[in-house]
Amino acid sequence: MLGKFLSKLREGYDKFYINESDWKLFTTPGGSGLNVDGGTIASVAGVWGPPVGRITVVSGALAITGITIPYASFSGDIVMIPTGAFTWTVATNIALAGTAVVGKALFMTYLPSTVKWYPSYIA
């Protein structure tokens, strides 16, 4: 198992198996195991994203009504670094409404069983 993982890693693959017992495929947001910095994406009055990296700077102060998941089988969190006091609502797939604090990391955790994003804070 480890040999297979290392050979794929050397080939530049961005996917690998978590464990041998269930062979679930893991990929980070944006589809790259190395893609952490998602750059800057402006807030929108509507559904935001999808993020292309785990950590994304979010500019602007518009109301985000939902977040597009990075890929179909995604579960886990993304980190939003606000440069503006944007808000988010419960209009689509965010569980709790809130307001971003400029410079304070906001973790949004997506749970596929509820089809919702859960914020780490609401104000």
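Extent of region 34-119 along its three principal axes (Cα atoms, max minus min coordinate, largest first): 32, 30, 18 Å. Between residue 94 and 117, the built amide H atoms are under 5 Å apart, and every one of these is 5 or more places off in sequence or on another chain.
Full extension of the chain between residue 72 and residue 109 gives 11.8 nm of extra length, using 0.36 nm per residue less the Cα-Cα distance.
Any read-out appearing in this document is the output of simple, stated calculations on the displayed coordinates, not a laboratory observation. Everything quoted here is computed from the prediction, not taken from an experiment.
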